[in-house]
Amino acid sequence: MMNFIPPKELTLRGYQADAIEALRSGIRSGVTRQILCAGTGAGKTVCAAHLLREADRKGSYALFLVDRVALVNQTSQTLDDYGIRHGIVQGINERWAPFENVQVCSVQTLARRSLPRDPDLIIYDECHCQYKHTLEYMARYPRAIKIGLTATPFASGMGKHWDGMVNVRSSRLLITDGHLIEPTIYVAKSPDDAELGINKLGEFSDRSASDAGIKIVGDVVAEWIKKTHEHFGGPAKTIVFSPTVAHGRELCDAFAAAGYNFQQVSYEDKSDEERASKIDEFKKPDSLIHGLVSCGVLTKGFDVPDTLIGISCKPYRKSLSSHMQEIGRVMRSHPGKSKALWLDHSGNIERFALDMFDVWENGAGDLSHAEKRDTIARKREAQTREQVVCRECGGVMRGPLCMACGWERPVRSGIVAVDGEMRAFDLGRMAIEARPGLRAECLKRPRSVWDAAVNYCIEHSRGQDCAHHGDPTTHSMNIRPAIPRPSDHPFQPHPTRLI
Ligand SMILES: [Zn+2]
């Protein structure tokens, strides 16, 4: 006899309930094709499960469309966990039960199979992929309510297939709430754009990215060793995004030569079992695999929340979606995880950081704006580099502050350029952890930053020069000594101070 496991309770967080209500209000006003834009950690799956359960309760016929078998199984498992009865439309599957109200469907199978009822609700997972068959299938049922799920609604043409978009919650708020971890990002050595060829879609060609990338595998390994020891005191669970199988192999060999176990998963794996067994091993808390190198297989549906480091070796020219899907893999929260690193060896950060930060802060924006984000070819320019990369440590700047070491760009007249527009910063609010001219070594120790700042205030109130840490006459920060002394934890600028 099977053991009965009571279903997991399906409770929505407040903002998830608000998002569902916003969808309902859209439907009431006649908008039948809406996108639910939910970034990593916003709870896309739980929202979808809620919609399916409600449909089931009302006796509606609801289809959940996914494009890969692995995602069919994953979704079915989630619905089982919540006790939501459903059938599966995928190949020859023992759970074929077309009279259940809820159906989890592989789009490939659905294109060739008839169902007993017309759908009342169609939920399209990862709708930015815009598969032709799926879009055609949806168009066949004009009266059905359609909801597209995605974290990155940036694909050109989405405006043609969808009429509205609901943003679940910005990544910034999820980070503030502790549902998501903002990675510390370092911009490391990467191939020059001139070395990269362009394919017919206007993206960098994998072949050229691979050839150029292979020349710097030694730098990738050295950077990882340095950073993983600096931040985690030893090897930490890592995923690598690689342009080709050949590049991934070179990289695994270079890691092996340095004494670390990196394994590749790719579309060239001999069997699904072989790939699954590597991923299963990697998922273990004490995995023997230090790093998993992905060639085109880990961006969708791969969820190992205790991954602490991501390495980007596959350059993108236009696809903000791909970049954000990749970095999202290290941002999941997990018990005991307080930090994540992103090591950029592709140049993607210089190309996409400002767009990415905009989406993190403000959400994807309206659909007409969002759907252009994957179509613009980005260039790496000295001006962007200046704006994004810390001169002291290679970390990534948010506004005038380095998120990795706390260095602050010297400010002239209290005005700095952010996102291409001039914006005045309230320097009093900018916190006292960092000030211009401080060296990175000093900033790693919060107490010395504090002491330097206090010193600076005291010296300045007497009208004297500060005795150390650079020339104080070149800056004009309004430091308020009333801010509490920072703890002795490693220096971590609080992200909310920037907004
Ligand atoms: Zn820095």
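Measuring against 32 Å, Cα to Cα, the residue pairs LYS284/LYS318; LYS226/LYS278; LYS132/LYS283; LYS146/LYS283 contain LYS284/LYS318; LYS132/LYS283; LYS146/LYS283 as the ones spanning a longer distance. Taking packing as the residue-averaged number of other Cβ atoms within 10 angstrom, the listed peptides 169-175, 230-236 run from highest to lowest as 169-175, 230-236. Electrostatic tally near SER205: other residues with Cβ closer than 14 Å to its Cβ, Lys and Arg +1, Asp and Glu -1, net 0. From the square roots a ≥ b ≥ c of the eigenvalues of the alpha-carbon gyration tensor of the range 150-233, which class results: rounded (a/c under 1.5), prolate (a/b over b/c), or oblate? Because a/c hits 1.5 or more and a/b fails to exceed b/c, the range 150-233 counts as oblate.
Ordered from highest to lowest accessible area with the whole protein assembly present and a 1.4 Å probe, HIS128, HIS179 read as HIS179, HIS128. For the range 43-141, the square roots of the Cα gyration tensor eigenvalues, ordered a ≥ b ≥ c, give a/c below 1.5, which places it in the rounded category. Summing Lys, Arg as +1 and Asp, Glu as -1, what charge do residues with Cβ under 11 Å from the Cβ of GLN263 carry, GLN263 excluded? Net local charge, GLN263 excluded: 0.
Computed from label points 7 Å out along Cα-Cβ, the spacing between ASP286 and HIS229 is 2.5 nm. Other residues lying with their Cβ under 10 Å from the Cβ of THR32 contribute a combined charge of +2, Lys and Arg counting +1, Asp and Glu -1. Judged by the mean number of other Cβ atoms found within 10 Å, the most tightly packed of the peptides 9-15, 346-352, 156-162 leads the ranking 346-352, 156-162, 9-15. Does the range 333-391 come out rounded, prolate or oblate by the C-alpha gyration tensor, with a ≥ b ≥ c the root eigenvalues, rounded set by a/c under 1.5 and, if not, prolate when a/b is larger than b/c and oblate if not? Verdict is oblate for the range 333-391.
Taking 7 Å steps out from each Cα toward its Cβ at PHE99 and ALA111 produces label points 3.0 nm apart. Taking each residue as 0.36 nm, the span from ILE27 to SER156 lengthens on full extension beyond its C-alpha to C-alpha distance by 44.0 nm. The protection proxy used here, the mean number of other Cβ atoms lying within 10 Å of each residue, ranks peptides 264-274, 370-380 as follows, highest first: 370-380, 264-274.
Take the range 175-389, drop everything but the C-alpha atoms, weight them equally and run the Debye formula without solvent; then report log10 I(q)/I(0) at 0.14, 0.18 Å⁻¹ to two decimals. Normalising to I(0) and taking log10 leaves -0.85, -1.43. Please calculate the 1.4 Å probe accessible area of SER368, with all protein chains present, and give it to the nearest 10 Å². SER368 exposes around 70 Å² with every protein chain in place.
The values are calculated or read from the model by the stated rules, or taken from the named source; none is laboratory data. Bear in mind that the values here come from a model prediction, so they are computed numbers and not experimental data. FYI the Cβ positions are ideal-geometry reconstructions off the backbone, even for glycines, and counts take in every protein chain you see. The area values use the complete protein model at the heavy-atom level, side chains included, leaving out ligands, DNA and RNA. Shrake-Rupley method; radii C 1.70, N 1.55, O 1.52, S 1.80 Å.
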